[in-house]
1. Within the stretch 217-229, take every residue that is free of Cβ contacts under 8 Å to residues at least 60 places away in the same chain and in a helix (DSSP H, G or I) and give me the one that is least open to solvent (accessible area, probe 1.4 Å).
2. Of the conditions (1) assigned to a loop (DSSP other than H, G, I, E, B); (2) touching a Ser or Thr at 6+ places or on another chain (Cβ under 9 Å), F133 clears all except one; give me its number.
3. Determine if the stretch 217-231 includes at least one residue that is in contact with a helix residue (DSSP H, G or I) (Cβ under 6 Å, 6 or more places away or on another chain) and more than 15 Å from the ligand (Cβ to nearest atom).
4. Being modelled with pLDDT of 95 or more and either closer than 17 Å to C92 by Cα or among the charged types (D, E, K, R) (or both) is the filter here; which residues of the stretch 21-46 pass it?
Amino acid sequence: MGKIRLGVNIDHVATVRNARGENYPSPARAALLAQKNGADSVTIHLREDRRHIREKDLKEIKSKLKIPLNLEIASTKEMMRIALRSRPRFICIVPEKRQELTTEGGLNLKHKRNFLKKLIYKLKKNKSRVSLFIEPSLKDIKDSKKLNADCVEIHTGNFCNLVNEKKNYKNELKRIRNAVNLGNKLGLEVHAGHGLTYKSARILSQITDIKEFNIGHFLVGESIFVGLGKTIKEFKKILK
Ligand code: PXP
């Protein structure tokens, strides 16, 4: 099995900062600490409502980080402008609903399809690697290929919930495995993310050909107790 890359999502460092309207803890400091401790990339989601990461963070992190920055954006004109201007190495297009607590599902690839196609085309031309955040569905994998994405990131939220609640996750695991296999067959690079913990990451790391995991909420939470560096190193051990 090849080494799986770890993308460290630091959105929730900004959540803690914004809870008090101060300028600490600093997401840029967390990004650099992640880099120092073996993260393969750093992920930030610039939401339309700016509830955690802000443009100032994007600029600062982009200018200081040596490893790839993975910017998550909704498929909107505003985000297209920002992404083209900041030109992060990686971009993941995600669905966004204003009231949601977090990204609740994969993209609807039919919604505003022409705009989505144009967005992917422009971002790729601007030399960013483009990923689509989708459900583990064969149809969405085929559609992502048709849209000419470089990668797909499979939404692992349902699977992780089942694991956390100690419920039977076999069917969901099979869905993910089938989606990964088809993605690879079609030449898409396949990633996975959302809701991952040590336990769920360990199970999913057994699927060969998932190339990258993006992990945030659990990782930042665990860091409160043992530190960011130690938590990243533990995930790296699981994914090796
Ligand atoms: N991947 C994508 C596309 C996401 O939107 C998120 C959440 O922002 C994650 C991964 C990370 O999920 P979590 O914070 O639950 O680890």
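1. S223
2. Failing condition for F133: (1).
3. no
4. The answer is R29, K36, D40, S41, V42, T43, I44, H45, L46.
The values are calculated or read from the model by the stated rules, or taken from the named source; none is laboratory data. Keep in mind the model is a prediction, meaning the values are calculated, not measured. Ideal geometry is used to build each Cβ from the backbone, glycine not excepted, and the neighbour counts take in all protein chains shown. Side chains are part of the model used for accessible areas, which takes the heavy atoms of the whole protein and leaves out ligands, DNA and RNA. Shrake-Rupley method; radii C 1.70, N 1.55, O 1.52, S 1.80 Å.
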